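Working notes for the structure below.
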Amino acid sequence: MRLLQAALALLLLPLICKSAVAVDYAEHVTGNGPVTIDPTKAYIAFRILQKSEFRFERLPSNEEIAQYDQDRRAAFDDYKKKKPKGNDFEFDPLEARFSVNTQIGKIFDKQDGQYVYLIAVKPGTYVLYGHMWQEGPGDMDTCFCMGTVKFEAAAGKVTDLGRIRMPDDWDVPAPPANPAGILPFVLIPPATPLRPAGRLQGLPVEPAVLHAMDKMPNSFGVVIDRLFPIPGVLAYERDKVVDPKSTARSR
Amino acid sequence: MTRFGTQGRIAAVVLLTITGHASRAQSAPPTPAISADTVAVPSLAFDEQPEMVKAYDKYFYFHRDGTTFAEALSDLQECDGYARGLAYRIKPDPDDPLVKNSPIGPVFEAIGARWADKMFGVPERRKARRTNMRVCMGYKGYQRYGLPQAIWQSFNFDDAATAPAEADRQKMLMQQAKIASGPRPLKTELK
């Protein structure tokens with residue numbers, strides 16, 4: 001009977017969406033021809049060996065956080081007016097409003113066997129939030145909630161983040177597994193001075209100036225980890241995130 | 001982002017569950033100073049059997065040398081914050097033609113979603129909770145030790161099908177903290 005139930009449930013799965021909260025897709029630069037830089041937008045470039053999706057969060061201003069709180073309160077007031085029996089109020093987390101997801105298929109260029117992605121975003125300070133699928137959270141999402149990096153993405157510039165090493169990339173040795181036995185993600189900053197190649201040639205490309213980002217709550221309710229330490233940028237004392245440049249807690 | 005709202009509403013009505021991603025506030029409200037002496041913990045003594053060892057990846061507890069009860073409780077509450085309200089949940093899809101075009105579609109799909117969640121969502125959330133507790137407590141330097149399921153269940157919860165009442169959750173976290181900060185177990189730590 002249990003087997004039958006499982007089989008029927010499996011049949012039903014394609015009909016059902018498991019997404020709880022999704023965020024907007026980023027605007028990607030794709031195509032083949034020359035690239036026109038919009039001076040009002042900031043651009044983020046990163047490389048991965050295997051096509052995938054990542055999430056970036058722009059750190060909101062105090063005014064934006066206040067607006068979010070106000071919207072949440074208003075939504076809660078509306079909810080209360082319906083005189084609910086239980087407590088099933090839902091409102092997207094703050095991060096959802098200020099995050100964008102990259103899109104697996106929207107490749108900008110391919111260089112040295114790696115896929116280069118280029119996204120156009122609102123200028124600001126961005127956090128490499130996690131390996132998250134836009135339609136998540138599913139069982140394949142990881143938030144770098146216990147330590148990651150942040151960087152400035154300036155208008156009219158391409159900020160080069162470098163390469164994100166996926167846990168199962170095969171071309172460079174894997175770092176040690178995390179305490180749950182899972183291989184971590186590694187951010188490999190670009191070699192400087194930058195030598196923009198391929199379609200990046202001629203664009204105002206600058207290496208991302210990376211800073212340690214402190215722990216963040218698991219607002220999307222996914223599996224957590226942290227980026228592997230980055231020499232000179234991101235270190236840890238047990239679970240404390242340390243910025244080696246300032247030898248102080250980040251944030 | 002409007003479609004999330006629709007989806008959220010439908011899911012909320014159908015499943016009567018919350019997904020728990022509420023705000024930036026992560027851990028539980030501050031607990032007033034509690035003495036470990038007032039916290040009763042179960043005996044962790046047992047005769048190890050091979051089938052228990054096989055299940056140690058599911059049933060374990062944490063311990064760290066040189067840790068106070070207050071530190072352990074704060075660490076466990078923080079890690080519980082990372083491991084609670086996990087969002088992997090199978091829900092009806094409001095854009096599904098079945099839901100949109102058929103009067104009985106929503107009912108059919110709601111039952112199906114609930115069923116599929118029980119089959120796939122619950123085990124997945126249970127597993128993700130274990131992972132997040134291991135990641136978080138592991139980075140904090142705690143070691144893990146295995147337990148038989150029956151003892152584990154007496155002071156742990158898996159949060160997967162239903163969440164424990166907040167008072168029960170905090171009581172169990174206190175029991176875990178007393179054990180985590182108590183004498184070092186005479187067993188081999190798990191890798």
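The values are calculated or read from the model by the stated rules, or taken from the named source; none is laboratory data. These figures come from a predicted structure and were not determined experimentally. For neighbour counting, all protein chains shown are included, and Cβ atoms are generated from backbone atoms with ideal geometry for every residue, glycine included.
Could you tell me which numbered condition A:Ala153 fails, if it satisfies all but one of (1) at pLDDT below 95; (2) touching a strand residue (DSSP E or B) at 6+ places or on another chain (Cβ under 8 Å)?
Checking A:Ala153 against (1) at pLDDT below 95; (2) touching a strand residue (DSSP E or B) at 6+ places or on another chain (Cβ under 8 Å), the one that fails is (1).
Within the range A:150-160, can one find any residue that is touching a helix residue (DSSP H, G or I) at 6+ places or on another chain (Cβ under 8 Å), among the aromatic types (Phe, Trp, Tyr) and touching a residue at least 24 places away in the same chain (Cβ under 8 Å)?
No, every residue in the range A:150-160 fails to be touching a helix residue (DSSP H, G or I) at 6+ places or on another chain (Cβ under 8 Å), among the aromatic types (Phe, Trp, Tyr) and touching a residue at least 24 places away in the same chain (Cβ under 8 Å).
Filter the range A:31-72 down to residues that are under 15 Å from A:Val158 (Cα atoms) and among the polar types (S, T, N, Q), then give me how many there are.
2
Inspect all residues belonging to the range A:38-57 and state whether any of them is in contact with a helix residue (DSSP H, G or I) (Cβ under 9 Å, 6 or more places away or on another chain) and either over 25 Å from A:Ile164 (Cα atoms) or within 14 Å of chain B (Cβ to nearest Cβ) (or both).
yes
With respect to A:Gly162, determine if the residue is of a type in the set (Gly, Ala, Ser) and surrounded by fewer than 23 Cβ atoms within 10 Å (Cβ to Cβ).
yes
Among the residues of the range A:117-161, which ones are part of a strand (DSSP E or B) and either in contact with a Gly (Cβ under 7 Å, 6 or more places away or on another chain) or within 17 Å of A:Ile224 (Cα to Cα) (or both)?
Answer for the range A:117-161, where residues must be part of a strand (DSSP E or B) and either in contact with a Gly (Cβ under 7 Å, 6 or more places away or on another chain) or within 17 Å of A:Ile224 (Cα to Cα) (or both): A:Val127, A:Leu128, A:Tyr129, A:Gly130, A:His131, A:Thr142, A:Cys143, A:Thr148, A:Val149, A:Ala153.
What about B:Gly105, is it within 8 Å of chain A (Cβ to nearest Cβ), out of contact with any Gly (no Cβ under 7 Å at 6 or more places or on another chain), surrounded by fewer than 22 Cβ atoms within 10 Å (Cβ to Cβ) and among the small types (Gly, Ala, Ser)?
no
Which one is farthest from B:Gln143 (Cα to Cα), of the residues in the range A:196-245 that are surrounded by fewer than 19 Cβ atoms within 10 Å (Cβ to Cβ), more than 7 Å from chain B (Cβ to nearest Cβ) and of a type in the set (Lys, Arg)?
In this case the residue turns out to be A:Lys245.
Return only the number of the condition from (1) β-branched (Val, Ile, Thr); (2) away from every other protein chain (no Cβ under 14 Å); (3) outside any strand (DSSP E or B) that A:Ile164 does not satisfy.
Every listed condition holds for A:Ile164 apart from (3).
Taking B:Tyr82 as the residue in question, decide whether it is crowded, with 18+ Cβ neighbours inside 10 Å and among the aromatic types (Phe, Trp, Tyr).
Spelling it out, B:Tyr82 is indeed crowded, with 18+ Cβ neighbours inside 10 Å and among the aromatic types (Phe, Trp, Tyr).
For A:Asn178, all conditions in the list (1) within 12 Å of another protein chain (Cβ to nearest Cβ); (2) over 27 Å from A:Asn101 (Cα atoms); (3) among the polar types (S, T, N, Q) hold save one; what is the number of the exception?
(2)
Grab the helices (runs of 4 or more DSSP H) fully contained in the range B:48-119, keeping just those with 1 or more residues being of a type in the set (Ser, Thr, Tyr) and at pLDDT 95 or above.
B:69-83
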